[in-house]
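The values are calculated or read from the model by the stated rules, or taken from the named source; none is laboratory data. Quick caveat, the model's predicted, so the values are computed rather than measured. Please note: Cβ atoms are built from the backbone with ideal geometry, for glycine as well, and neighbour counts cover all protein chains shown. Accessible surface areas use protein heavy atoms only, side chains included; no ligands, DNA or RNA. Shrake-Rupley method; radii C 1.70, N 1.55, O 1.52, S 1.80 Å.
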Amino acid sequence: MPSTYHMVLINLAATALFGIAVLTYRLVYPKRKFNYFIIFFLFSLLPLISIFRNGVYESGDFNYNIYKSMSLAATLADGSFPAAWARDLNATYGYPLFLFTYPLPYYIVVFVHSLGLSFIVSLKVFLALSFLASGALMFAWLKKQLGELSAFVGSIFYLFAPYHLIDLHYRVAIGEVLSFVFLPLNFLCVFQMTKTNKKRWYILESLALAALILSHQAISLAASPFIFFYFLLLWQSKRNRKQLFIGLFSFVLGLCLSSFYWLPVLIESKFALQYFNATIVFPKFWEFFYSPWRYGFLFQGPLGQLSFVLGYTQWLIVFLSVYLFFKKKVNKQTKLLFLFSLISFFIIFFMMNTISKPLWYLFPILLNFQFSYRLLVLAVFFVSILGAIITKVYNNKPFLLIIVLLAVIPTVLNWGNRRVISTITDQTLQNNLPYSTSQGEGLWPAKPLWTNPKISWMSQIPQSHLEVLEGSANLKELKRKTTLHSYFVSTSTNVLLKENTWYFPGWKVFDNGKPVPVKFLKAHPGIIAFSLSNGEHNISVVFDQTPDRTIGKFLSLLSLTVVFIVLLSRRIKLRLLP
């Protein structure tokens, strides 16, 4: 039996055993109160069984994420922090991958790897922990906002949403997987800081916002307005100006904490080739409603095609929410959250469809989304809130049991449908690291504009890092680290040299400590070249800081200092309320 179908049987058996265990517990202890969080946590383990099968995923971005993590580990080992340049990728020509890609997921994978696990296992641990943490934080926030039973139902919808499982098992989009964690954490912190007014929650919100930005720039850009309006929604009940000011400061502090990342991206994107031809890809309207494979129950096609279905029970929740919003009387706080979630969902759904295309092109920064379906992360989030609200408004346990089962059961085929290849190891991937960029790892928004637009990425490793194009010279490589390449060059004539590194702002050439102009050759587009006169030369090719990177790091360090002062100093006390 193929391993894919084998896993389906295992998942069904595990689900049945879990259901029997819950029913048995209920029969043995009929009067004992359910601990919904424990039930939910055990339930959330079911889609993770398949992750820890031996081997790597057959497709998706699993291997590409390991390549990036390996490159990051090498960069950090060279003492380059925060990382910007990926030295070993792109056939060793390198490119500014870590300047543009979301950094936090890769830092976490490298941290887990530093504990002694392989990169393959480290990535699997990251995926599993992110999935569990996203559900736990969603549960924690909804419990504060709507109660335990509502938290249980809403969190089930959050974890078992088709797109969440697609990201986890098929795409292995680790930035989006991690954004599922920090999205509910931001809402939890905002809720707590407005209700308790304790300084630690303001600081935690700053950290949570920074973490969301570092997890996925596009998701954080889309989510930030909704987080802010949720804050205003809660604040308006008190209308305390001091709390508003400190809340705004908390958001600004979160932006500053992450400025080492987003400020260079904002300023240096114009040096990337894709900046000039960025576009947005929209799914077809029907794709949000139905998956065409296995009678609608499989979310990936035989050739790796992805479904972007919101979820069949999720659509039932949306339609039921519209009906109940006008028919059921609820308290003011729940009504406001109800309205906020409904409006937010329909805004997101509108923006995912081609009808919204003119709005995307009004603001060039939005084109970094690349795919409008990324907004499904937010759509899933708001539908899950609606599910929790319906639980509170329509408190009928048999009905709730039915919608929970309807949310979970149609997704079972997607708890590990992907085949794994057990013969691929860390060493296999390490050996292929230089070639991985041309094989699909390459991040297009990080491709320098000086390179050949007709050639995607470099696929051949150069015979030497420094080559003579004109003249005669003796070359000796002294050191090669991520941000420093040094050579000793002896010439008897004027020479033209090519240093096989892609150029990007920050790269500088020094001859005996003096700057040498970088040349751009038509025959070798995007590759660093320079001329030397006859004599002996100590050459340093250095990836230096640009002003925006320096400012971004300074703001991040300053903000981090503020965080430590507020958290650790007993002398500083913030009295937020009069």
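How high is the FRET efficiency between F554 and K397 when r is their beta carbon distance and R₀ equals 60 Å, given to the nearest 0.05?
Working: r = 55 Å, r/R0 = 0.92.
Approximately 0.60, to the nearest 0.05.
If you roll a 1.4 Å probe over the heavy atoms of the protein chains, what accessible area per residue do you get for the chain, in Å²?
Roughly 44 Å² per residue, with all protein chains present.
Report, in listed order, any pair from K68/K284; K454/K522; K332/K397 with a Cα-Cα distance greater than 20 Å.
Values: K68/K284 31 Å; K454/K522 13 Å; K332/K397 24 Å.
Going by Cα-Cα distance, K68/K284; K332/K397 fall outside the 20 Å limit.
State the Cα centre-to-centre distance between the stretch 29-59 and the stretch 415-475 in whole Å.
Between the Cα centre of the stretch 29-59 and that of the stretch 415-475, the gap is 38 Å.
In nm, to one decimal, how far is the modelled label at S569 from the one at L233, with both set 7 Å along Cα→Cβ?
3.6
Leaving out ligands, DNA and RNA but keeping every protein chain, what accessible area does E536 have, in Å² rounded to the nearest 10, with a 1.4 Å probe?
Only protein atoms counted, so the area is about 130 Å².
With the contact rule set at Cα under 8 Å and sequence spacing of 6 or more, what percent relative contact order holds for the chain?
Numbers: 929 pairs, mean separation 120.1, N = 578.
It rounds to 21 percent for the chain.
Given Cα pairs under 8 Å that are at least 6 residues apart, what percent is the relative contact order of the stretch 411-560? All intermediate terms of the calculation are to be shown ahead of the outcome.
Numbers: 217 pairs, mean separation 31.2, N = 150.
After rounding, I find 21 percent.
Extending each Cα 7 Å along its Cβ direction at F326 and T196, get the distance between those two points in nm, one decimal.
4.0
If R₀ is 30 angstrom, what is the calculated FRET efficiency for the pair Q427 and F81, using the beta carbon separation as r and rounding to 0.05?
Once the sixth-power term is evaluated, E becomes 0.70.
What ³J(HN,Hα) values, in whole Hz, does the Karplus curve 6.51 cos²θ - 1.76 cosθ + 1.60 give for the stretch 389-402 when θ = phi - 60°, with x put for Gly and Pro?
5, 4, 4, 6, 6, 10, 7, 10, 4, x, 5, 5, 4, 5
Just to verify a number: what accessible area does T196 come out at with the full protein assembly present, 1.4 Å probe, Å² rounded to tens?
Taking all protein chains as shown, T196 has close to 50 Å².
Say a paramagnetic label sat at a point 7 Å from the Cα of S472, along Cα to Cβ; which residues of the stretch 495-527 have their backbone N under 15 Å from it?
Residues passing the 15 Å test: 495-496.
Starting from the Cα of T334, step 7 Å toward the Cβ, then list every residue of the stretch 398-412 with an amide N under 19 Å from that point.
398-404
Let me cross-check I421: its accessible surface, 1.4 Å probe, with only protein heavy atoms counted, in Å² to the nearest 10?
I421 has an accessible surface of roughly 40 Å² with all protein chains in place.
At a Förster distance of 30 Å, what's the computed FRET efficiency of K481 paired with I246, Cβ-Cβ distance as r, to 0.05? It would help to have the intermediate numbers written out before the result.
Details: r = 44 Å, r/R0 = 1.45.
So the FRET efficiency works out to roughly 0.10.
Work through the residues other than G311 whose Cβ is under 14 Å from its Cβ and net out their charges, Lys, Arg +1 and Asp, Glu -1.
On the way: positive: none; negative: D167, E287.
Around G311, the charge tally is -2.
From the list [x] 79, 63, 41; [y] 92, 69, 47; [z] 99, 64, 52, can you say which value of Cα extents along the principal axes in Å was derived from the structure given?
This structure yields the entry labelled [y].
If we count every other residue with Cβ under 12 angstrom of V172's Cβ, Lys/Arg +1 and Asp/Glu -1, where does the sum land? Mind showing how you got there, number by number?
Numbers: positive: K68, K124, R171, R418; negative: E58, D61, D167, E176.
Net charge in that neighbourhood comes out at 0.
Counting other Cβ atoms within 10 Å of each Cβ, which trypsin sites (Lys or Arg not before Pro) in the stretch 219-269 have at most 11 and sit in a DSSP loop?
Numbers: sites: K238, R239, R241, K242; in loops: K238, R239.
Here the sparse-neighbourhood loop sites are R239.
What part of the accessible area of the stretch 432-562, given as a whole %, is carbon or sulfur when the probe is 1.4 angstrom? Don't jump to the answer; show the numbers that get you there.
On the way: 3660 of 6530 Å².
Roughly 56 percent, rounded to a whole number.
For V281 and F346, calculate 0.36 nm times their separation in residues minus their Cα-Cα distance, and state this gained length in nm to one decimal.
Values: separation 65, 0.36 × 65 = 23.40 nm, distance 1.91 nm.
In short, 21.5 nm is gained.
Run lengths n ≥ 4 of DSSP H only: what is the helix-derived mean residue ellipticity at 222 nm for the chain, with -39500 (n - 2.57) per run over all residues, to the nearest 500? Kindly include the intermediate steps, with their values, before the conclusion.
Numbers: 20 runs with 296 residues, N = 578.
For the chain, the value works out to -16500 deg cm²/dmol.
What chymotrypsin sites (Phe, Trp or Tyr not before Pro) does the stretch 1-66 have in DSSP loop regions with at most 15 other beta carbons within 10 Å? Display every interim value, and only then the final one.
Values: sites: Y5, F18, Y25, F34, Y36, F37, F40, F41, F43, F52, Y57, F62, Y64; in loops: F34.
The qualifying sites are F34.
Amide H of W293: which non-local residues (sequence gap of 5 or more, or other chain) have their own amide H closer than 5 Å, using H built in the peptide plane?
Sorted by chain and number, the residues that satisfy this are L298.
If you take every residue apart from E477 with its C-beta less than 13 Å away from the C-beta of E477, what net charge results, scoring Lys and Arg +1 and Asp and Glu -1?
On the way: positive: K476, K479, R480, K481; negative: E467, E499.
So the environment of E477 carries a net charge of +2.
Of K335, K327, which has the most accessible area with a 1.4 Å probe, and how do the rest follow in descending order?
Working: K335 65, K327 135 Å².
Sorted by accessible area, descending: K327, K335.
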